[in-house]
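Working notes, beginning with the structure itself.
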Amino acid sequence: MSRKNIQTAIKWLVFISYIAALVYFVFFAEMFGRTGFSEQYRYNLVPFKEIRRFIIYFSQLGATAVFLNIAGNIVAFMPFGFCLPMVTAHRTRLLGVFLGTFGLSLAIELIQLVSRVGSCDVDDLILNTLGGVFGYGCFCLAKRLTAGRKADRQE
């Protein structure tokens, strides 16, 4: 097996492991209240409603709850935006990452709605997509930094 094939296999292993961890935390992690299904549908279709609520009631909800809801949704999808261009041999650009992250997040939110595990929230869709875009920004920065180091070594 060539070095390039090994690198490709490692990239795919990391990407698949990330997706598996994401599915676990979104649908099965007891620490996030995923202990069973709810009798009621829980959803929010008003953009920024929950984000605003978390900011307004910061002192009552506490920093942990606010961080987990807002920053957690962003951080959780950053690896997707970082890894997607890696596994597609750098052919995926910003629009592709945006649409891919949006699509994955929409699928998760709709599964949550239908399965009644967690809640379907348009704010999560917004924050998750933002996280994917931030992850892509980190990918671009890392690519630029490694390209600069490769150029320095060749001189």
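Any read-out appearing in this document is the output of simple, stated calculations on the displayed coordinates, not a laboratory observation. Note that the structure is a prediction, hence the values are computed from the model and not measured. Note that each Cβ is placed from the backbone with ideal geometry, even for glycine, and that neighbours are counted across all protein chains shown.
Multiply the residue separation of residue 99 and residue 64 by 0.36 nm, subtract the distance between their alpha-carbon atoms, and state the gained length in nm to one decimal. Don't skip to the end; give the middle numbers.
Values: separation 35, 0.36 × 35 = 12.60 nm, distance 2.96 nm.
Length gained, residue 99 through residue 64: 9.6 nm.
Compute the relative contact order of the stretch 53-155 as a whole-number percentage, counting only Cα pairs closer than 8 Å that sit 6 or more residues apart in sequence.
Numbers: 92 pairs, mean separation 36.8, N = 103.
Over the stretch 53-155, the number comes to 36 percent.
Using 7 Å Cα-to-Cβ label points, what is the residue 29/residue 7 separation (nm, one decimal)?
Once both label points are built, they end up 3.1 nm from each other.
No solvent, one uniform scatterer per C-alpha: report log10 I(q)/I(0) for the stretch 89-155 via the Debye equation at q = 0.17, 0.24 1/Å, two decimals.
Listed by q, the Debye log ratios stand at -0.67, -0.96.
State the answer as a single residue: which of 86, 105, 24 lies farthest towards the positive end of the charge dipole of the chain, with beta carbon charges of +1 for Lys and Arg and -1 for Asp and Glu, about the Cα centre.
Towards the positive end, the residue furthest out is 86.
Need one number: the % of Cα-Cα pairs in the chain sitting beyond the 18 Å mark.
Details: 7687 of 11935 pairs.
More than 18 Å apart: 64 percent of the Cα pairs in the chain.
In whole angstrom, and with the biggest value first, how far do the Cα coordinates of the stretch 38-105 range along each principal axis?
For the stretch 38-105, the Cα spread along each principal axis is 46, 28, 21 Å.
Taking every eigenvalue of the Cα gyration tensor of the stretch 1-86, multiplying by 5 and rooting it, what semi-axes result, largest first, whole Å?
On the way: eigenvalues 226, 53, 27 Å².
Taking √(5λ) for each Cα gyration eigenvalue gives 34, 16, 12 Å.
Would you mind computing, in nm to one decimal, how far apart the modelled labels at residue 106 and residue 87 are, each placed 7 Å from Cα along Cα→Cβ?
In this crude label model, residue 106 to residue 87 measures out at 2.0 nm.
Neighbouring Cβ atoms within 10 Å as the yardstick, rank 45, 84 fewest first. Provide the component values of the computation, followed by the final result.
Working: 45 9, 84 20.
With the fewest neighbours first, 45, 84 line up as 45, 84.
For 23, 66, what's the fewest-to-most ordering of other Cβ within 10 Å of each Cβ? Intermediate results must be reported in sequence, preceding the final value.
On the way: 23 13, 66 18.
Final ranking by Cβ density, sparse to dense: 23, 66.
Multiply the residue separation of residue 113 and residue 147 by 0.36 nm, subtract the distance between their alpha-carbon atoms, and state the gained length in nm to one decimal.
Values: separation 34, 0.36 × 34 = 12.24 nm, distance 4.33 nm.
Gain on stretching residue 113 to residue 147: 7.9 nm.
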